[in-house]
1. Starting from the residue with the highest accessible area, list 101, 159, 109 in decreasing order, probe 1.4 Å.
2. So for 122, 143, 74, what's the accessible-area order with a 1.4 Å probe, most first?
3. For region 1-78, what is the per residue volume of the convex hull drawn over the alpha-carbon atoms, in cubic angstrom?
4. Taking Cα atoms, how many degrees apart are the long axis of helix 36-49 and the longest axis of the chain, rounded to 10 and kept between 0 and 90?
5. Evaluated at 37 °C with a viscosity of 0.692 mPa s, what Stokes-Einstein diffusion coefficient in µm²/s does the chain have when Rh comes from the Kirkwood expression over alpha-carbon pairs?
6. Identify all aspartates and glutamates with a Cα-Cα distance to residue 143 below 13 Å; exclude those on the same chain that are fewer than 8 residues away in sequence.
7. For residue 170, list the lysines whose Cα falls under 20 Å from its own Cα; do not include residues on the same chain fewer than 8 positions away.
8. For region 91-235, what does the convex hull of the Cα positions come to per residue, in cubic angstrom?
Amino acid sequence: MILAIDIGNTNIVIGCIRDEKILFVERMSTDNDKTVLEYAIGFKTVLELYHIQPKELTGSIISSVVPPVTNTVKEAIQKITSHNVMVVGPGLRTGLNILMDDPGTTGSDLIVNAVAAIAEYKPPLIIFDLGTATTVSVVDQKKNYIGGMILPGINVSLDGLISHTSQLRKISIESPKKVIGTNTSDCMKSGVIYGNAACMDGIVERIEEELGEKATVLATGGLASLVTSYCRKEIILDDTLLLKGLRLIYLKNCDKQ
């Protein structure tokens, strides 16, 4: 059984995987100021909630887009498990051929998502990850990672709108009643959800046009389930994609553990 952790700008996703089964998925806030001990207590508490003892874990793996937190989390896991922790990055085998101008700058979360997608779905692939930023990854017919897009995430866009307008107030992100809102709150909800759904539809069209063929389209991330239900394109929701990718990369590097 392995512990898989993805450190994002807003949340840390924690999952435990036995063989191919994901036993749980939980989220903690990413906090640059937390100490090793504070993170260790948090991870231990999550494991205890699911009646899992640290000694049951055979290994752990981390992907991270927040370098200042990576080592703190790594040390916290080592404190509660007493074993080495893999970190996705240089020196770790992924099996992914990255055709970016500078492959080393590709986010570890994008690599992990692509590894999982290639293993489970038919290429070419378009992978949306709706987190603090909305990222789009593209894998071609030959399973090469060829690039993608980065755009403001839903919450970032909404916060930017509110902070630059005097009469708009923060709203909860939830399903709009209809496309045409009849009050300020409903107009904002419609704009956020339908706007992002239309954006995803349009991006798929343009990428497929550039590829010259239809692609398998996937969506993952915290808000993916809400937005994809309003998309007109066929988009497969896979909210455990990243954890599955971490498991695959862990298995490719077991000899290094």
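The values are calculated or read from the model by the stated rules, or taken from the named source; none is laboratory data. Keep in mind that this is a model prediction, so the values were computed, not measured. The accessibility values were calculated without ligands, DNA or RNA, using every heavy atom of the protein model including side chains. Shrake-Rupley method; radii C 1.70, N 1.55, O 1.52, S 1.80 Å.
1. Details: 101 165, 159 75, 109 25 Å².
Heavy-atom accessible area, descending, gives 101, 159, 109.
2. Values: 122 155, 143 95, 74 60 Å².
Descending accessible area places them as 122, 143, 74.
3. Values: hull volume 6.2 nm³, N = 78.
Considering the Cα atoms of region 1-78, their hull volume per residue is 79 Å³.
4. On a 0 to 90 degree scale, this one is about 80.
5. On the way: Rh = 19.4 Å.
So the translational diffusion coefficient is about 169 µm²/s.
6. Within the straight-line cut-off, residue 143 pairs with 120.
7. 178, 189
8. Values: hull volume 17.9 nm³, N = 145.
Cα convex hull per residue, to the nearest whole number: 123 Å³.
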